[in-house]
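One structure below.
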Amino acid sequence: MKQSRILDSAIFDQVAAVIGSGDAAKLCDRLGGTCLYVPASVGTNHPITLAIGAAAAKLLCEHFTGEQLQLPKAWHRKRRVIELAAQEPKLTLAEIALATDYSQRHVIRILAESQEDDGQLDLFADL
């Protein structure tokens, strides 16, 4: 199964390369889904510092000063949906929804977006 555009977050990868994937995940958990402006420096009560700590916030500011970061929202939960759908034994959509705190309808949407589809039927599928 091809990973979807949900997981292909270039900005997450760039941020993770600077502050580490653990802190990047924390940042997405707290501030994901927003347009995050990165100032030259942050104080102790700034949302970035509260999300990832002072040391990681300093690194983030040094590398992304003045940029607006479009952080993905709940990227790890979406990845978990795809992982659970691929594992054996197969889980039902309801079980995946309960395990990831999504609605069953949203699980279907995530799985549909993760599928590579060129819009063509397979002419020789039964052979």
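In the chain, the ratio of gyration radius to Kirkwood radius, Rg to Rh, stands at 1.10 when only Cα atoms are counted. Rounded to the nearest 10 degrees, the angle from helix 10-19 to the longest Cα principal axis of the chain is 40 degrees. For region 79-127, applying the loop criterion from DSSP together with a ceiling of 16 other beta carbons within 10 Å to the GluC sites (Glu not before Pro) yields GLU116. For the chain, the tally of Lys pairs with Cα-Cα distances below 24 Å comes to 8, considering only residues 8 or more apart or on different chains. Pick from ALA99, ALA24, ALA56: which residue has the top mean-square fluctuation in a GNM of the chain where Cα pairs under 10 Å get a spring? Of the options given, ALA99 has the highest mean-square fluctuation. Taking amide H atoms as placed 1.01 Å from N in the peptide plane, the amide H of LEU69 lies under 5 Å from those of LEU36, TYR37, VAL38, each 5 or more residues away in sequence or on another chain. Helical content of the chain, expressed as a calculated mean residue ellipticity at 222 nm, amounts to -16000 deg cm²/dmol (DSSP H runs of 4 or more residues, -39,500 (n - 2.57) each, divided by residue number, nearest 500).
Taking only protein heavy atoms and a 1.4 Å probe, the accessible area of region 13-100 is 55% carbon and sulfur.
The values are calculated or read from the model by the stated rules, or taken from the named source; none is laboratory data. These numbers come from a predicted model, not from an experiment. In this analysis, Cβ positions are derived from the backbone assuming ideal geometry, glycine residues included, and neighbour counts consider all displayed protein chains. Heads up: the accessible areas ignore ligands, DNA and RNA and are worked out on the full protein's heavy atoms, side chains in. Shrake-Rupley method; radii C 1.70, N 1.55, O 1.52, S 1.80 Å.
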